[in-house]
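Notes to accompany the following structure.
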Amino acid sequence: MRPPLIAGAAVLHLASMPKRSSRPHPDENVAALEAVARLTGSGAPERKKNPAAVALGSLGGRKGGKARAAKLTAQRRQEIARKAAKARWEKQKPPSE
């Protein structure tokens, strides 16, 4: 990490701030249930997935990309490819001063 620049009373850091966790915060009741489960040694109740929903989700994932590719025109595929390439090149440019 770089040393901070001191400008008057304000301290400016060149490094960016750490990113926050993307994990959503549980509500108070869920947090309390998990705390009690940890303290008493009993396991928290397991969340079971609906088998029908799992099957439906995997079905959509299996055919989604192929169906989309078959539906796209050659011109639209080129537009998507250009946009993706531009985004990749923009990301690689050094920050301008």
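Being under 23 Å from the mean Cα position of the chain (by Cα) and modelled with pLDDT under 85 is the requirement here; does residue 17 meet it? Yes: the conditions hold for residue 17.
Scan the range 78-97 for residues that are surrounded by fewer than 10 Cβ atoms within 10 Å (Cβ to Cβ) and of a type in the set (S, T, N, Q) and jot them down. Correct list: 92, 96.
Has the range 69-77 got at least one residue that is surrounded by 10 or more Cβ atoms within 10 Å (Cβ to Cβ) and not hydrophobic (A, V, I, L, M, F, W, C)? Within the range 69-77, one or more residues are surrounded by 10 or more Cβ atoms within 10 Å (Cβ to Cβ) and not hydrophobic (A, V, I, L, M, F, W, C).
Screening residue 49 with (1) outside any loop (DSSP other than H, G, I, E, B); (2) surrounded by fewer than 10 Cβ atoms within 10 Å (Cβ to Cβ) gives one miss only, at (1). Do we have residue 35 as surrounded by 10 or more Cβ atoms within 10 Å (Cβ to Cβ), assigned to a helix (DSSP H, G or I) and under 26 Å from the mean Cα position of the chain (by Cα) here? The answer is no for residue 35.
The values are calculated or read from the model by the stated rules, or taken from the named source; none is laboratory data. Source: prediction; values computed, not measured. Because the Cβ atoms are built from the backbone with ideal geometry, glycine has one as well, and the counts that use them run over all protein chains shown.
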